[in-house]
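Enquirer: Handing you a structure now.
Taken together, the values in this text are just the output of simple stated rules run on the coordinates, not laboratory data. Just so it is clear, the model here is predicted, and its values are computed rather than measured. Note that we place each Cβ from the backbone using ideal geometry, even for glycine, and neighbour counts take in every protein chain shown.
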Amino acid sequence: MLSRKEIDHYRETGWLVVEDMLDQATLSQARQVIAEFVAGAAKVTQHDKVYDLEPGHRPEAPRVRRIKTPHTNHRLFWEIAKAPKLVGILEQLLGPSGVRLHGSKINLKAPQFGSPVEWHQDWAFYPHTNDDILAVGVMLDDMLPENGPLMVMPGSHKGPTYDHHLDGYFSGAIDPDKLDLDLAKAQPLIAPAGSMSFHHVRLVHGSAQNTSQRSRQLLLYEYAAADAWPLMGVKDIAEFNERLVSGQPNITPRLADAPVRMPLPPSPHQGSIYENQTAAKNRYFKIRELA
């Protein structure tokens, strides 16, 4: 469980890192499962329901930048998502109504490549009736300054919801020239494998290209308070309730005052954040050709 100091740190800065959340056996198993997924991508030539592929992907040299909804594609990732130690922390941060898994993905950054992710707020993608929502980054590799760790802007969760549109369409990225933040003060979330980061849904964050010789595998879960309902609607109430990891189903959303911009009209490059952000014209994180 978190200390009062840790909870206060999360409330003030919008982020927190907790070490020793996964044991070595679970880490090894997760890495093996991911390796099997990546090997399976040799049979895939374009993005599908499981894979988001890196530019330059070839059957003989599979390049995967994201494994989609891993909690539905392998039991291990659902077990991690509802682990009691993790759920206990989530209940401390998200309140008494319970906790619902909103979604999951595994972002992979291969050595000397690994696509960057431009500055954004998760809240821009999936606004809810209240913002007791956060993302958990399960660090399956050591997170180092040079392998493209998550970078956050402390305190930005208390500010506005920035414009993530370009030419009238949602692009999933903030123009860095329009950010009233000192990006030089970005905090990289550095920690050993087995740690977990927690960041608020409105926190401005991004990540650079992996320029190291080491991989960067990050399992990401998004969680919402059970009384936070998505403004884009619920398509399947039974499935919605099945994603509860604590608490009971309810049909009384809690309404809170939070700045909202709807992710509409949808991106012409609708898909993962990588696809959405292909429309971005002004990039902060540059892509370099590495040997």
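Enquirer: Enumerate the lysines that LYS5 could reach by cross-link, defined here as Cα to Cα under 26 Å, with residues fewer than 8 away along the same chain left out.
Expert: The qualifying lysines are LYS82, LYS85, LYS158, LYS185.
Enquirer: Calculate one ³J(HN,Hα) per residue across the range 273-281 by plugging θ = phi - 60° into the Karplus curve 6.51 cos²θ - 1.76 cosθ + 1.60, and present them in order as whole Hz with x for glycine and proline.
Expert: Using θ = phi - 60°, the values come out as 4, 4, 5, 3, 7, 5, 7, 4, 9 Hz.
Enquirer: Report the equivalent ellipsoid semi-axes for the range 186-284 in whole Å, largest first, defined as the square roots of five times the eigenvalues of the gyration tensor built from alpha carbon atoms.
Expert: Here the semi-axes work out to 29, 21, 14 Å.
Enquirer: Sticking with this structure for a sec: Assuming 0.36 nm per residue, please report the length gained on full extension of the stretch ARG11 to GLN112 beyond their Cα-Cα distance.
Expert: 32.8 nm
Enquirer: Now, a different point. Taking springs between alpha-carbon atoms closer than 10 angstrom, which of ALA238, ALA224, ALA81 fluctuates most in the Gaussian network model of the chain?
Expert: ALA238
Enquirer: Calculate the FRET efficiency for LYS286 and THR161 from the Cβ-Cβ distance with a Förster distance of 25 Å, rounded to the nearest 0.05.
Expert: The computed FRET efficiency comes out at 0.45.
Enquirer: Just name one of LEU203, GLN277, TRP119: the one whose Cα is farthest towards the positive end of the charge dipole of the chain (beta-carbon charges, Lys/Arg +1, Asp/Glu -1).
Expert: Ranked along the dipole, the leading option is GLN277.
Enquirer: Go ahead and run the numbers for FRET between GLN46 and ALA25, Cβ-Cβ distance against an R0 of 35 Å, rounding to 0.05.
Expert: In this case the efficiency is close to 0.50.
Enquirer: Quick one: the Cα spread of the range 114-243 along its three principal axes, in angstroms, biggest first?
Expert: 44, 35, 25
Enquirer: What full-extension length gain, to one decimal in nm, is calculated for ASP177 and LEU231 as 0.36 nm per residue of separation minus the Cα-Cα distance?
Expert: 16.6 nm
Enquirer: Under the rule of -39500 (n - 2.57) per DSSP H run of 4 or more residues, summed and divided by the residues of the chain, what mean residue ellipticity at 222 nm is obtained, to the nearest 500 deg cm²/dmol?
Expert: -5500 deg cm²/dmol
Enquirer: Would you grab the residues whose amide H sits under 5 Å from the one on ARG66? Only those 5+ places off in sequence or on another chain, please, with H modelled 1.01 Å from N.
Expert: Sorted by chain and number, the residues that satisfy this are ASP52, LEU108.
Enquirer: Given H placed 1.01 Å from N in the peptide plane, which residues other than close sequence neighbours of GLY103 have an amide H under 5 Å from its amide H?
Expert: Under 5 Å from the amide H of GLY103 lie the amide H atoms of GLU222, each far enough along the sequence or on another chain.
Enquirer: Then there's this: Using only C-alpha positions, report the orientation-averaged shadow area of the convex hull of the range 4-279, nm², one decimal.
Expert: Taking a quarter of the hull surface, the average projection is 14.2 nm².
Enquirer: List, in order, the whole-Hz ³J(HN,Hα) value for each residue of the range 55-61 obtained from phi through the Karplus relation with A = 6.51, B = -1.76, C = 1.60 and θ = phi - 60°; use x for Gly and Pro.
Expert: x, x, 4, 9, x, 7, 9
Enquirer: Please arrange HIS269, HIS205 by how many other C-beta atoms lie within 10 Å of their C-beta, fewest to most.
Expert: HIS269, HIS205
Enquirer: Using the 10 angstrom Cβ neighbour count as an exposure proxy, how do PHE125, PHE113 rank, fewest first?
Expert: PHE125, PHE113
Enquirer: Counting other C-beta atoms within 10 Å, which of LYS158, LYS49, LYS82, LYS105 has the fewest, and how do the rest follow?
Expert: The order, fewest Cβ neighbours first, is LYS49, LYS158, LYS82, LYS105.
Enquirer: Can you compute 3J(HN,Hα) from phi for each residue in the range 20-36, using the Karplus curve 6.51 cos²θ - 1.76 cosθ + 1.60 with θ = phi - 60°, rounded to whole Hz and x for Gly and Pro?
Expert: 6, 8, 10, 7, 5, 5, 5, 4, 4, 5, 4, 5, 5, 4, 5, 4, 5
Enquirer: Mind checking the alpha-carbon convex hull of the range 1-126 and giving the volume per residue in Å³?
Expert: Hull volume normalised by residue count: 151 Å³.
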